Every structure is written in C-alpha cells, then in structure tokens.
Amino acid sequence: MNNHSNFSQLSLSDLVEARDLFHVHLINKKNVIATALGRYLIRHSDFDEHGMFRSSGDKSPRTLQNSMVADISWPCILVFVSHWESEADLIGSDSSDIVPKTIYMPDGRTIPVCVVLSGESEQPDEQLELDKLRFPDNLMGGGFPVYVKSQGETHIASIGCVVSDGHTYYALTNKHVSGDEGELIYTLLGKAETLVGKSSGRSLSKIKFTELYPGWKGEHLLVCCDAGLIRIEDVKQWKTDILGVPAMGGIFDLNTYNLSLALIAEHRMLNGAMTESLNGKVTGYGAASGLMKGEIAALFYRYKSAGGLEYVSDFLIAGRNGQPLNNHHGNSGTVFLLEVNNELRPIALHWGQHEFFSGTAKMAYNYSLSTSLSNICRELDVELVRGWKTDTDFSWGKTGHYKIAALACDIVTTPKLKTLLQNNKKNISYEDADMLNGSLGDAKWGEFVPMADVPDIIWRMTRKADEANHFADMDEKNPAVMQGKSLMELCQNPANIDAAFWNRYYAEAEAADPSKSPEKRGALPFRVWQAYYLMVEALKAGKVEEFIMIGGTASHYLGDACQPLHVSYLHHGHPGKPNEEKVHSVYETNMLDSHQKDLFNGVNAKLQAPQPYQRYKGGKAAAQAVISLMDNVITHILSPETVIAVYNEPSHNRLANMWTKLGDRTIDCVAAGAINLALFWESAWAEGKGDDLPAAKLAEIKPETLAALYNDKTKYESFKLKDPAYAAALK
C-alpha cells in the first residue's frame, strides 16, 4: 500500500467523479450489487499485537465485520458484492468479471477500489405488533412510534425530531410514512389512540445529486431523501427531546465545502481487538429497535439503477465496532446524531436498508441507509427545534423543582416521617448526584415521572384546569381594583385568603382590563390548601400511598411559590416588551441548569443545621404560610424587577452574568422554598397523626401504584379558581 502514497491526496470529489465515470462498468460485474465512497478497509488479521500494519496475505472475504478503516486507509471506491469469489474462479468463468484494484482516470489520477462482501440476513415480511412497542405515556417526541392506516393495513414508523418553518411545528419522518397531504397519523398516548397530526404534503423524494451538491459530478445520479412533515395537532403534547438520547446540540450542517471522508469511522487494533472509533460514531432511537449505536461506514452508497438513473443514499451506517446494527422495520424516520466533542448533533434521517431477493428469500443488509438532515431541512425550508419544552412557561425547570422536593425530604425532623420520605425519595425527586451526572428524568420519560414534576410533565397535558394553579400575580395593582391594593397587601388580612374574595378581586381586575381572562385567575395558595386537607384525610384513613402522591405532587406548587416570577404579573417581563418575554425560562431553567453544582452546594450549605418548625393546622394555614413565603421572596430576597434588569444587561455570556449577580439570592429562594415544603410535610403529618402508623406503612411504595394515583383525575382533582367545586374542595 505504501507504493501508492498519492492515494492519500484524493478528495471526496475525486471519488465522486471516478465512481460516476466508471459505475456502469463496475455495477455490471458478476456479484456486484452496490458501490459507495469511503476509505480502504484493512482486515484485522493484517495488524500485529501492537497495532502495526503487516500484510498477512489473508485472502478471505473482506466484510465490514472483519476489517476496518485505520489511519493508513486510503480514500477509495467501495464495491459491495453478494458473493465472494477468488480471482482464479472468476478467470475460470469470465475474466471480465474481475473487479479492478485501481481505476485510471483520463487525467492520470488513480483511484483505489476495495471489494467488500455485504453481510446480509434473511428479512421476513412480518408486521410489527403495536402492543410490543414502547408508546408514550404523556408526551410525544423523537423515537416514539407512529402509525398510518392504509388499505386495510397498519404501517408503523418512527418520529425523527421536531422542526419548524417559523410558523408551524412539524414532526419529521419519512415521506413513505407521512403519505399524501391530509393523511392522518396516529400514536398511542397513555394507551389511547391519539392523533399525532396530518401530513402537510411537504415532502422530499428523489433529488438530483448536482442540485444537492453543486460542483460535483453526477448528472445521472439521484439522492433518495425520503422525508415528510407531519403537521403537529397539539404542540402541548410534545417535547423536542429524542427518547433515550441525552440533550442534542445543533444540526450538523453538511455541504460540498465541508463534507469529507473525515466523517468515516476510523479504528485501531490493540492486542488483537479493535478499539472504539474516535470519530464517525452515531446514535439513534428507533421505534422498533430502541437505542441504536452505529458508525458511518461510507458515503453516497449507490444502491439501485433504473431507467438510466442511479440512486444513492448520503450515508451508509453500520453497527459500531464491527457489530451488526440493531436495525429493523419500524425504524423508518429515525434521526441519527453524530458524536462531536462530547455533544450529540443530528446528522441523518434513516429511511431504510438495502434489500434484495436471493432465490425466494428477501435479504437485507444490517446497516442503515440515511439522508443528510441538513439537506432535508434546507430543501423543506425548516429548522430543527431543540430545547423546547412545555414546562418552560411556569416552572423552575427540573433543576429547581427536583432540588426543593429532594431537600425537603432530607430536612424534615420527625423520625417516622423522615423514614417514609427517605424510602420514597426517588419516587418524589432525584439525588444531587443523579441530577449532576445527567440522569434527570429522560431515562424515565414516557414511563414513571417523579412526582415533583408531574404537574408540569403530565397534568398540564391531561388536566387543562390545572394551569393557573402554578402561579398567582400577587403584586399587581390597578387604581380601579380594590382601592389600588395588590392581592399580597390584601391578604395580610387572613380573612381575604378566601376563594370567593379572590374571585371578586379578579372580576374587578377583568372589568378594568378586558385583556384579562377568568381562565387565567392564579390560584397557587389554594392548590396547597387543597393538598393539605387531602393529605391529612389520607393519613387518618391509613392511605399512605395517597399521602405520598398528594404531598409529592404538591411539592411542585410549593416550589413554584419561591420562584419570583411565579408570584408576579411580570412573569414574562414587562407587558408590551417582547424582548423580555424569555426572561422566565432563561432565569429559572437555563441559568439553573448551567449552574446546578453551584446551586446545590449553596443550598446544602445553607440548610446543614436542623430547622425549627412552628407547625400549623388546617389548609387555610397552609395557604397563609405559602403567601408569606411568596411575600418574603419578592419583597426581601429577590424582586422580579431585579431579575428582569439583570436579564436586560448587555453581556457576552448572559447566563454567567445572571448567576454572578442573582445566584446567591436564588440560593436563598430555593432554601426558603425547601423549608416551607418541609414544614408543609411536618404539619400535615402531625395533624393526620402519622406517628400512629405502624412501621410497615413506612416502606417504599411501588412507582406503578403512585402512577395509577396521579393518573386518576379524581385524586387531587384540578380546578380553575372560578369553578364552584374549587371552593368546595377547600375544607
């Protein structure tokens, strides 16, 4: 191989041109079924125990499993054959069937050719069974199954990711899945058939190679894109996450200027074993296969010739480290993400695997044919959507909610209560270490949700009446409403902590400002009042499971109460200032997520000493304690105006600047919230006579038991403040 050092100077465009010139010649050779562009595959047997190349003279069939791309691998044209025959056998039948080792270009360039035996397996024509697939329980997203009913059959595929044209959100999958405009696409959400959306009619099929890659040869070449957009029916039922995949980065943009053979996975041999590649590794989650770990084996896989035209797939993705790719029917539409600098960046949309018939059996290669995602987004004029979650409007994000809930379990002082909460801590929240190492819920998303975030993750979708229970604009004033006093001021009189009084207040505010809606009457303190009563009654009846479910979910609202922007009419910045609309999610989600360790260390240090709890009795007292917390937060710890002012400061790193100036006071807010939540647990436990329970009742509760309770809409029922039933629930 060292006699051909000029091979290393070849570019991808050189290979494109050479393959285009000689493809018809190659494809008509005996046993040749496909070609691709890549780097020369060297057999494992050609490396010594130190990983140094030494030709062993091995003439056995070269496959993707027994050979690899190494640092000395030259750019080449890969020729895939269905059967491996020696040169002697081919000469004996017809010498013209020998695949040449080198292609000679008219201008003198020489292009190496590498022959590879395709690893095929018999592919049965079996239908996937819906009840064996993993469908979402609460939210949809990438990796979950969808299905289309057509001509009496049900066709299953995968959702790739969420994209948008700036006006509408779409689920990206394959065109052969989305079908014609208006086609209805379904999934099972919480075991109920749910409409995902309708086919938008915007799709891609085959596109000329020269249009996608201008300047490269390929006049008779078509790229299979196979992409279709499903217009999402209800965006509130969606996350942008891909199931089983950590947070993804931006799309990996590819074009003729940066697409190169450097994408192809390269390995080393050490002590007779192939090391994991440092490049070209991809990860995807398919509806049929689950998590798929692969690597890019070649580019522009040419899989079909018809009517004088040739068809290619942008990527040929094989299993990682010589292992078969776990790829099955039903994965169509899966997005593969490229591992780049410890980040996962979407790069390709899987649409199929090369199938052919050998006798009467259909054979399939165990690798993926996929299309460049950046090409798809460019041609469909859409952009990848990421980091978009339905809980950003009214939540601390996971970091704040889970930390407050977990800390309260640690700082309660009543021994039996502490035992019960510690035994069920993982049902309520997460440990600091789990949050810091990235195990924050995505592994369980679609299954059991720790209860501290159930009101955001589940109830916002399944209990539409719950939305206004997450906040209360207690600092807003209007001269035409209640003598110009705010709810915070009015509730200094305990008699005004009353649902009827709040409804009168809101009615006056709505009359003074027609933009306000009765549907948006904030009711956070009353949600805590309701929970307290139900928890006490559950304990008195010995229903510890209900006590834990109600208290665990109520911890979410108590966590909201110590977030400055949940207590204020300035929740999305000053009204009429669109440049401030993102302050809520940037402060409570992005800033906290980027400074988790600092937050945890600060709060843990602040609450090391045992807290003295002045327990209260009754649901109204619980509501009053929450209002006192809300008042303390925005009056003495961190005002909404301060958060907005720092958010507006010019900075090259907004999150770092916000944490520097707001971090200490944010720690104080979280600590105050945890103390208030611990007091809530302690008071309900004492009033419900929890200490009378036998030790056997303090054990860990099965997650499925708690999930059944929080999915039962009659348990800790959600109301809007204007509903008469809300007042009746406050006992």
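The values are calculated or read from the model by the stated rules, or taken from the named source; none is laboratory data. As the structure is a prediction and not an experimental result, all values here were calculated from the model. Counting neighbours? That spans all protein chains shown, and the Cβs are built from the backbone with ideal geometry, glycine included.
Listed values, structure above:
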{"item": "Flag if ILE251 is β-branched (Val, Ile, Thr) and assigned to a strand (DSSP E or B)", "result": "no"}
{"item": "Pairs with Cβ under 6 Å, 6+ apart, first in region 657-676 and closer than 12 Å to GLN563 by Cβ, second small (Gly, Ala, Ser) and buried (at least 23 other Cβ atoms within 10 Å of the Cβ)", "result": "GLY673/GLY559"}
{"item": "Residue match in region 482-503 (condition: farther than 28 Å from HIS636 by Cβ and without any contact (Cβ under 8 Å) to a residue 60 or more places away in the chain)", "result": "no"}
{"item": "Residue among TYR303, TYR311, TYR365 that alone is surrounded by fewer than 24 Cβ atoms within 10 Å (Cβ to Cβ), at pLDDT below 90 and among the aromatic types (Phe, Trp, Tyr)", "result": "TYR303"}
{"item": "Residues located in region 612-629, provided they are surrounded by 15 or more Cβ atoms within 10 Å (Cβ to Cβ) and modelled with pLDDT under 90", "result": "TYR613"}
{"item": "Leading residue by the ranking (farthest from LEU570 (Cα to Cα)) among those in region 472-526 that are assigned to a helix (DSSP H, G or I) and of a type in the set (S, T, N, Q)", "result": "ASN496"}
{"item": "Odd one out for TRP388, checked against (1) part of a loop (DSSP other than H, G, I, E, B); (2) at pLDDT 95 or above; (3) not charged (D, E, K, R)", "result": "(2)"}
{"item": "Single unsatisfied condition, VAL643 versus (1) of a type outside the set (D, E, K, R); (2) buried (at least 24 other Cβ atoms within 10 Å of the Cβ); (3) farther than 27 Å from ALA523 by Cβ", "result": "(3)"}
{"item": "Answer residue from region 155-178, given it is in contact (Cβ under 8 Å) with a residue 12 or more places away in the chain and in a loop (DSSP other than H, G, I, E, B) and is surrounded by the fewest Cβ atoms within 10 Å (Cβ to Cβ) among those", "result": "GLY166"}
{"item": "Failed item, numbered, when ALA622 is tested on (1) within 25 Å of ASP473 (Cβ to Cβ); (2) under 35 Å from the mean Cα position of the chain (by Cα); (3) in a helix (DSSP H, G or I)", "result": "(2)"}
{"item": "Residue count for region 256-291, restricted to those that are free of Cβ contacts under 8 Å to residues at least 60 places away in the same chain and assigned to a strand (DSSP E or B)", "result": "3"}
{"item": "Pairs, first within 21 Å of ASP14 (Cβ to Cβ) in region 203-215, second hydroxyl-bearing (Ser, Thr, Tyr), C-beta under 7 Å, six or more apart", "result": "TYR213/THR256; PRO214/THR256; GLY215/THR256"}
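Here's the yes/no breakdown for (1) over 27 Å from the mean Cα position of the chain (by Cα); (2) assigned by TED's automatic domain parsing to the domain that holds LYS398; (3) surrounded by fewer than 17 Cβ atoms within 10 Å (Cβ to Cβ):
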| site | (1), (2), (3) |
| --- | --- |
| SER200 | no, no, no |
| LEU222 | yes, no, no |
| LEU229 | no, no, no |
| ILE232 | no, no, no |
| LEU243 | no, no, no |
| TYR257 | yes, no, yes |
| SER260 | yes, no, yes |
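This table checks each residue for (1) among the small types (Gly, Ala, Ser); (2) in contact with a Lys or Arg (Cβ under 6 Å, 6 or more places away or on another chain); (3) at pLDDT 90 or above.
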{"residue": "GLU87", "(1), (2), (3)": "no, no, no"}
{"residue": "GLY142", "(1), (2), (3)": "yes, no, yes"}
{"residue": "GLN151", "(1), (2), (3)": "no, no, no"}
{"residue": "ILE159", "(1), (2), (3)": "no, no, yes"}
{"residue": "THR173", "(1), (2), (3)": "no, no, yes"}
{"residue": "GLU183", "(1), (2), (3)": "no, no, yes"}
{"residue": "THR194", "(1), (2), (3)": "no, no, no"}
